[in-house]
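What follows is a single structure, written as structure tokens, with notes after it.
Quick note: the coordinates plus some simple rules give every number you see, no bench work behind them. Computed from a predicted structure; not experimentally measured. Cβ coordinates were reconstructed from backbone atoms using ideal geometry, including for glycine residues, and neighbour counts include every protein chain displayed.
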Amino acid sequence: MKTELMSANYAAARAVVSARVEVVAAYPITPATTVPEQIALLSEKGIYKGEFIRVESEHSAMFACIGASSTGARAFTATSSNGLLLMDEALHWASAARLPIVLANINRSVSPSWNIHVSHDDSMSKRDTGWIQFYVSSVDEFYHTIIQAFKLAEDERVLMPTMVNADGFVLSHTVSRYDYLEPEEVDKFLQPYSPPHWVMDPENPVAHGNIVFPEHYQEFRYSMHEGTKNALDVYLEIEAEYKKLFGKYFGGPIECYKCDDADYIMTSQGTIGAEARDAIDQLRKDGYKVGSARIRMYRPFPIDHIRDLAKGKKAIASFDRSVSYGFGGPVANDIRASLYATDIRPLIKSYIGGLGGRDITVPDIKEILLDLIKHEESGEAGPEETWHDLR
Amino acid sequence: MSLRVRSCRAHSGCVLVVNEVNTEPEGRANMPKTSYSKPSVGATGKTGSWRTFDPVINYKECSKCRTCWLYCPEAVITLEDDGTPHIDYDYCKGCGICAQVCPRKCIDMVRKGTRDEEDEE
Ligand code: SF4
Ligand code: SF4
């Protein structure tokens with residue numbers, strides 16, 4: 001393991017080398033551009049040894065990955081925002097074909113209005129495409145989660161494509177310390193991909209994408225749902241193995257910071273979860289029993305982890321950097337739904353903000369937590385949904 | 001029920017056909033993870049049964065020009081090395097295109113059931 005200063009995008013390119021990816025097909029879009037750009041550079045230098053396919057759109061990029069993965073190649077792409085949206089049809093295809101492609105999505109606000117900064121509404125709108133989703137909070141976590149994502153996606157119990165999300169610019173273009181592994185080291189963890197279910201092989205031809213009649217379509221969908229749900233436990237195994245081999249661990253499906261004895265929790269995705277630690281420390285100094293839960297795995301949704309987290313808490317502030325129009329914060333809604341079948345009933349307040357790259361810093365997080373505490377203590381729940389810093 | 005996933009010869013191999021073989025309990029356990037088909041013969045049955053008229057080649061007149069082979073939309077005409085055409089009646093739809101295009105007009109369309117099957121070869 002070596003240490004470098006690197007942006008998240010360049011670290012993702014390094015992860016592609018470390019994981020011995022065989023095919024990369026990508027189309028540039030800010031802020032993801034420097035991922036394929038760096039892979040192309042590493043390819044020219046002979047460091048990345050796989051194929052690099054230049055395509056004319058993100059739709060083609062994902063379908064090129066689908067073709068590659070169908071032949072049993074390890075395939076990767078990176079994109080952002082409207083690029084991810086253009087892939088939509090292919091995202092559904094990849095998951096229903098059970099192809100373990102890994103996609104690095106550099107979260108960017110969706111246009112219009114034109115904005116290249118972070119929101120999570122690009123990937124959140126892909127929630128139901130059948131892709132496993134991670135959200136990371138550091139360059140180091142991005143690099144290692146991409147490597148783990150291949151192992152998870154390729155596991156026979158899972159076989160679902162996996163998206164690793166990193167906040168645009170906050171991570172993609174900001175340099176920080178990370179530890180990387182040589183491919184020979186990763187070999188101990190990640191074996192070559194060998195499709196256990198189906199493969200495009202000229203010696204043994206098959207056609208994929210056939211008509212499936214009502215007698216069987218639903219069962220294929222159920223199988224995708226099962227594979228995705230399996231990903232939760234398989235990921236716990238993978239993380240344990242990774243920690244043992246390389247000493248790296250990022251907190252499971254939900255990374256908790258001072259949650260155990262906390263009365264009040266703020267949940268969030270991405271870099272806000274890292275920022276929240278400072279806010280928690282400051283509020284703790286002022287005597288507030290607060291904690292931060294950073295949701296790393298969004299699909300499958302870690303329902304049991306949410307229940308454990310919420311047990312005994314007075315109130316939860318769920319922060320969403322995206323919105324489901326007409327129904328509020330997507331993660332807030334999932335948290336509420338996860339608890340409905342139980343008797344765990346903390347006050348849950350949904351906060352939406354940070355859209356279009358608007359900064360969410362320590363004072364913002366403190367303000368949200370204090371708002372939560374105020375409502376819980378007063379017994380007045382207040383609005384179910386609050387747009388933070390709405391001007 | 002076990003599933004045998006096969007392609008249909010009748011429609012460009014695009015249809016997934018799931019044949020039921022009643023040897024195992026019914027259920028999704030025997031299904032593949034995704035739908036794919038393998039080339040095979042007659043998975044949806046012998047579609048030549050849909051035919052009303054049979055094309056019959058008069059080999060005495062046939063010049064082995066291969067025009068029928070070229071035009072048959074079902075690709076059910078095969079050629080011997082010397083170019084002699086043969087129609088696969090298991091899958092011929094009876095569209096009559098071969099009879100239309102034959103420059104020697106040596107393919108007759110005869111009502112199904114009236115063809116002398118011994119003449120075929
Ligand atoms: S009748 Fe149509 S399907 Fe049959 S051999 Fe002639 S062209 Fe082909
Ligand atoms: S088109 Fe007519 S002449 Fe030519 S090969 Fe076919 S049957 Fe024979």
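Using modelled amide H (1.01 Å from N, peptide plane; none on Pro or chain starts), what sits under 5 Å from the amide H of A:H117, excluding residues fewer than 5 places away?
It is A:S109, by chain and number.
What do you get for chymotrypsin sites (Phe, Trp or Tyr not before Pro) in region A:307-362 restricted to DSSP loop and a cutoff of at most 14 other Cβ within 10 Å of the site's Cβ?
Numbers: sites: A:F319, A:Y325, A:F327, A:Y340, A:Y351; in loops: A:Y325, A:F327.
For chymotrypsin sites (Phe, Trp or Tyr not before Pro) across region A:307-362 that sit outside H, G, I, E and B with at most 14 neighbouring Cβ atoms in 10 Å, the list reads A:Y325, A:F327.
For region A:304-319, in order, what is each residue's ³J(HN,Hα) by Karplus, 6.51 cos²θ - 1.76 cosθ + 1.60 with θ = phi - 60°, in whole Hz (x at glycine and Pro)?
Result, rounded to whole Hz: 5, 5, 5, 5, 4, 5, 7, 4, x, 7, 7, 7, 10, 9, 9, 9.
Under 15 Å from the Cβ of A:S57, count the other residues' Cβ atoms, weight Lys and Arg +1, Asp and Glu -1, and hand me the total. Display every interim value, and only then the final one.
Working: positive: A:R54; negative: A:E56, A:E58, A:D88, A:E89.
So the surrounding residues net to -3.
Shape verdict for chain A, please, from the Cα gyration tensor: rounded (a/c under 1.5), prolate (a/b greater than b/c) or oblate. All intermediate terms of the calculation are to be shown ahead of the outcome.
Working: a/c = 1.75, a/b = 1.52, b/c = 1.16.
Since a/c reaches 1.5 and a/b is larger than b/c, the shape of chain A is classed as prolate.
Give me the aspartates and glutamates in straight-line cross-link reach of B:K105: C-alpha distance below 13 Å, same-chain residues under 8 apart excluded.
Straight-distance partners of B:K105: B:E61.
Can you give the mean number of other chain Cβ atoms that lie within 10 Å of the Cβ atoms in peptide A:273-283? Spell out each step's value before the answer.
Details: counts 0, 0, 0, 0, 0, 0, 0, 0, 0, 0, 0.
The per-residue average across the peptide is 0.
Rounded, prolate or oblate, given the Cα gyration tensor of region A:74-189, with a/c below 1.5 counting as rounded?
Numbers: a/c = 2.52, a/b = 1.13, b/c = 2.23.
The shape class here is oblate.
Within a 10 angstrom radius of each residue's Cβ in B:27-33, how many Cβ atoms of other chains show up on average? Whole number is fine. Show your work: numbers first, answer last.
Numbers: counts 1, 7, 1, 0, 6, 6, 14.
For peptide B:27-33, the averaged partner shielding equals 5.
Could you work out how far helix A:362-378 tilts from the main Cα principal axis of chain A, as a 0 to 90 degree angle to the nearest 10?
For A:362-378 against chain A, the angle is about 50 degrees.
Over chain A, calculate the relative contact order: mean separation of alpha carbon pairs under 8 Å at least 6 apart, over the residue count, as a percent. Write down the numbers at each step before the final one.
Numbers: 829 pairs, mean separation 62.9, N = 391.
Computed value for chain A: 16 percent relative contact order.
Nearest 10 degrees is fine. How inclined is helix A:8-18 to the longest principal axis of chain A, computing both from alpha carbons?
Relative to chain A, helix A:8-18 is tipped by roughly 40 degrees.
Taking every DSSP beta bridge with both residues inside the protein assembly as shown, roughly what % is antiparallel (nearest 5)? Before the final figure, lay out each step's value.
Working: 28 of 68 bridges.
About 40 percent, rounded to the nearest 5.
Give me the one-decimal nm value for the distance between modelled label points at B:C65 and B:V101, 7 Å along each residue's Cα-to-Cβ direction.
Once both label points are built, they end up 1.2 nm from each other.
If you add up the charges near A:R299, with Lys and Arg at +1 and Asp and Glu at -1, over every other residue whose beta carbon is less than 13 angstrom from its beta carbon, what do you get? Mind dumping the intermediate values first?
Numbers: positive: A:K126, A:R127, A:K229, A:R296; negative: A:D128, A:D334.
Net charge in that neighbourhood comes out at +2.
Among A:165-171, A:295-301, A:371-377, A:239-245, how do they line up by average Cβ neighbours within 10 Å per residue, starting with the highest?
Numbers: A:165-171: 27.4, A:295-301: 23.0, A:371-377: 17.7, A:239-245: 14.6.
The densest-packed peptide leads the list: A:165-171, A:295-301, A:371-377, A:239-245.
If you take each beta carbon of peptide A:202-215 and count the beta carbons of other chains within 10 angstrom, what is the mean? Could the numbers behind the result be given before it?
Working: counts 0, 0, 2, 5, 6, 12, 5, 6, 14, 8, 8, 4, 0, 2.
Partner-chain Cβ atoms within 10 Å, mean over residues of A:202-215: 5.
Of the candidates A:S57, A:S322, A:S80, which one comes out as most mobile in a Gaussian network treatment of chain A with C-alpha springs shorter than 10 Å?
Top of the fluctuation ranking is A:S57.
Which Cys residues of chain A have no other Cys Cβ less than 4.7 Å away and so no disulfide-compatible partner by this rule?
A:C65
I'd like to compare B:76-82, A:101-107: which one has the highest average count of other Cβ atoms within 10 Å, and what's the full order after that?
A:101-107, B:76-82
Which order do peptides A:215-223, A:58-66, B:48-56 fall in by mean Cβ count within 10 Å, highest first? Each step should come with its number before you reach the end.
On the way: A:215-223: 13.7, A:58-66: 23.6, B:48-56: 17.1.
Answer by packing, highest mean first, reads A:58-66, B:48-56, A:215-223.
Mind checking which lysines have their Cα closer than 30 Å to the Cα of B:K33? Skip sequence neighbours fewer than 8 apart in that chain.
Excluding near neighbours in sequence, the set is A:K126, A:K151, A:K188, A:K229, B:K46.
Can you list the lysines whose alpha carbon is less than 28 Å from that of A:K314, not counting same-chain residues fewer than 8 positions off?
A:K258, A:K285, A:K289, A:K349, A:K366, A:K374
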